[in-house]
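Colleague: Have a look at the structure that comes next, please.
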Amino acid sequence: MAIEAKDHTNGLHMPGNGAGSGISVQSLWKVFGKNEDRALEEPYRSMSRAEVQKETGLVAALRDVSFEVTPGETFVVMGLSGSGKSTLVRCLISLIKATSGEIVVDGEDVTKFDSKELREFRRSKMAMVFQNFGLLPHKNVLDNAAYGLEVKGVDKDERYTIAQEMLEKVGLTGWEYANQRELSGGMQQRVGLARALAMDPSILLMDEPFSGLDPLIRRQMRVELADLQAEIQKTIVFITHDLDEAITIGDRIAIMRDGEIIQMGSPREIITEPADDFVREFTQGIPKTKVMEIGHIVSDPDVVCFETESRETLLAKMKDARSDYAIGLSHDDSFIGMISREQLDEDSDGFHEMIDPNISPVLPNLTLEEALPLFSDDDYPLAVVDESNNFIGVATQRDLLKVVASDM
């Protein structure tokens, strides 16, 4: 069952304000072994992880990691096995104690929390969803979703109300009284997500939550998570080794290798501007059309006309430009429509009657992959406008084909 309602809350009860908190990570190190602080001193600090391990026997799982996650952002950390990504996410919630560095949330350094402060932090600010679902087999779906609230001491009626609403958010209405063995892997992961959301954390940590699912269910879950995030706007740190998953859900991506972040940026930047050969090889096979937005290939139209201009003036402009189309604008640059040569030949009288009703504009954040089916067979470009209907430019088939050809 697909998650619905991308742009509103449907009046559902949320125990807090639902707003995300930012995360600031500065110079984070995690070293495993005796006398771990040695790895932070010279000459070891400047050595590679393999060199440090050979010289000292210490394993530097995280090496001087720094990044910022803005409130409401989906920040994806990815890398191969052993890159340090899972260690990083466990440090964020202090399941693993960092050797050095800062993890600041809402002005407080998580690395300095005592056990009581850490327990309260986990209850109120940050929740985690793991690859293994962690459901309690003797409890039904509703009780599993409400379990965190039960531990927190929330009244039974209230926790069931909240859990019911979270199950609705993740598409499990009607399954409240089913037990674990009746659920597919994807459904079990939805229960785990509902349990985390019921606590109303401002930050959601997800450590390869879909990696144990069948490929088809996995693709469905990542789309549903992206839709859900558009509604709830939590701060999400998502760990994965799957690049396709990362670019589907991530606002920004950090790629790790040997305990370090080697590149950080938007999905488009990662795919089109790889920092080195490792990233280039890592991202190989992902077409640029999947991450580039149509706003990146806009150009000026051949002909622009305004609503006060006559049909004869427009015909002359199109003839001079040897163009089969024109962009119709108001005098404040608002987009009115596209006028095709075919429409002009129908001898329409008024300006608005010359607008081709079959050609609609698109927004600049549309991916090239999504735009492909919209290009007409008549070689007309796509008109690109902003959310206020101000004209930005046109995207032509030629410019799109240049991007496609660069992937070959």
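Colleague: Quick check on residue 135: is it outside any loop (DSSP other than H, G, I, E, B) and in contact (Cβ under 8 Å) with a residue 24 or more places away in the chain? Working first, answer last.
Modeller: Numbers: outside any loop (DSSP other than H, G, I, E, B): no; in contact (Cβ under 8 Å) with a residue 24 or more places away in the chain: yes.
When the stated conditions are applied, residue 135 does not pass them.
Colleague: Would a scan of region 279-302 turn up a residue that is without any contact (Cβ under 8 Å) to a residue 24 or more places away in the chain, within 30 Å of residue 80 (Cα to Cα) and in a helix (DSSP H, G or I)?
Modeller: yes
Colleague: Taking the residues in region 64-95 that are part of a strand (DSSP E or B), open to solvent by less than 10 Å² (accessible area, probe 1.4 Å) and in contact with a helix residue (DSSP H, G or I) (Cβ under 9 Å, 6 or more places away or on another chain) as candidates, determine which candidate is nearest to residue 241 (Cα to Cα).
Modeller: Restricting to residues being part of a strand (DSSP E or B), open to solvent by less than 10 Å² (accessible area, probe 1.4 Å) and in contact with a helix residue (DSSP H, G or I) (Cβ under 9 Å, 6 or more places away or on another chain), the top hit is 78.
Colleague: With respect to residue 171, is the statement that it is assigned to a loop (DSSP other than H, G, I, E, B), of a type outside the set (Lys, Arg), in contact with a Lys or Arg (Cβ under 9 Å, 6 or more places away or on another chain) and touching a residue at least 60 places away in the same chain (Cβ under 8 Å) true?
Modeller: Yes, satisfied.
Colleague: In this structure, does residue 248 turn out to be over 30 Å from residue 53 (Cβ atoms) and buried (at least 21 other Cβ atoms within 10 Å of the Cβ)?
Modeller: On the way: over 30 Å from residue 53 (Cβ atoms): yes; buried (at least 21 other Cβ atoms within 10 Å of the Cβ): no.
No.
Colleague: Go through region 203-223 and give me each residue that's farther than 22 Å from residue 287 by Cα and either without any contact (Cβ under 8 Å) to a residue 24 or more places away in the chain or among the acidic types (Asp, Glu) (or both).
Modeller: Listed by number, the residues that qualify are 207, 208, 214.
Colleague: Residues being surrounded by 15 or more Cβ atoms within 10 Å (Cβ to Cβ) and either at pLDDT below 50 or in contact with a Cys (Cβ under 8 Å, 6 or more places away or on another chain) (or both): count how many of those fall in region 6-48.
Modeller: Number satisfying all stated conditions: 6.
Colleague: Same structure, new question: Would you mention how many residues in region 165-189 are open to solvent by 60 Å² or more (accessible area, probe 1.4 Å) and in contact with a helix residue (DSSP H, G or I) (Cβ under 7 Å, 6 or more places away or on another chain)?
Modeller: Restricting attention to region 165-189, the residues satisfying the condition of being open to solvent by 60 Å² or more (accessible area, probe 1.4 Å) are 168, 173-175, 177, 181-182.
Still in the list and also in contact with a helix residue (DSSP H, G or I) (Cβ under 7 Å, 6 or more places away or on another chain): 173, 175, 177.
The qualifying residues number 3.
Colleague: Can you tell me which residue is least open to solvent (accessible area, probe 1.4 Å) among those in region 49-63 that are touching an Asp or Glu at 6+ places or on another chain (Cβ under 7 Å) and touching a residue at least 40 places away in the same chain (Cβ under 8 Å)?
Modeller: By that ranking, first place goes to 63.
Colleague: While we're on this one: Just for region 353-403: of the residues that are buried (at least 17 other Cβ atoms within 10 Å of the Cβ), β-branched (Val, Ile, Thr) and modelled with pLDDT under 90, which one is nearest to residue 311 (Cα to Cα)?
Modeller: Restricting to residues being buried (at least 17 other Cβ atoms within 10 Å of the Cβ), β-branched (Val, Ile, Thr) and modelled with pLDDT under 90, the top hit is 355.
Colleague: State the number of residues belonging to region 308-335 that are among the β-branched types (Val, Ile, Thr), surrounded by fewer than 19 Cβ atoms within 10 Å (Cβ to Cβ) and within 26 Å of residue 386 (Cα to Cα).
Modeller: Qualifying residue count, region 308-335: 1.
Colleague: When residue 145 is evaluated against the numbered criteria (1) of a type in the set (Gly, Ala, Ser); (2) modelled with pLDDT of 90 or more; (3) assigned to a loop (DSSP other than H, G, I, E, B), which criterion, by number, is the only one it fails?
Modeller: (3)
Colleague: While we're looking at this one, here's another question. If you scan region 354-385, which residues turn out to be closer than 14 Å to residue 337 by Cα and either touching a Leu at 6+ places or on another chain (Cβ under 9 Å) or part of a strand (DSSP E or B) (or both)?
Modeller: Within region 354-385, 354, 359, 360, 361, 362, 382, 383, 384, 385 meet the criteria.
Colleague: Would you tally the residues in region 204-232 being open to solvent by 40 Å² or more (accessible area, probe 1.4 Å) and of a type in the set (Asp, Glu)?
Modeller: Going through region 204-232 one residue at a time, the tally reaches 1.
Colleague: Could you list, in sequence order, all residues of region 92-132 that are among the hydrophobic types (A, V, I, L, M, F, W, C), farther than 20 Å from residue 151 by Cα and in contact (Cβ under 8 Å) with a residue 60 or more places away in the chain? Let's see the steps before the verdict.
Modeller: Step one: of region 92-132, the residues among the hydrophobic types (A, V, I, L, M, F, W, C) are 92-93, 95-96, 98, 103-105, 110, 113, 118, 121, 126-130.
Within this subset, residues satisfying the condition of being farther than 20 Å from residue 151 by Cα are 92, 96, 98, 103-105, 110, 113.
Scanning region 92-132 gives 92, 96, 98, 103, 104, 105.
The values are calculated or read from the model by the stated rules, or taken from the named source; none is laboratory data. Here the structure is a predicted model, which is why all the values come from computation and not from measurement. FYI the Cβ positions are ideal-geometry reconstructions off the backbone, even for glycines, and counts take in every protein chain you see. The accessibility values were calculated without ligands, DNA or RNA, using every heavy atom of the protein model including side chains. Shrake-Rupley method; radii C 1.70, N 1.55, O 1.52, S 1.80 Å.
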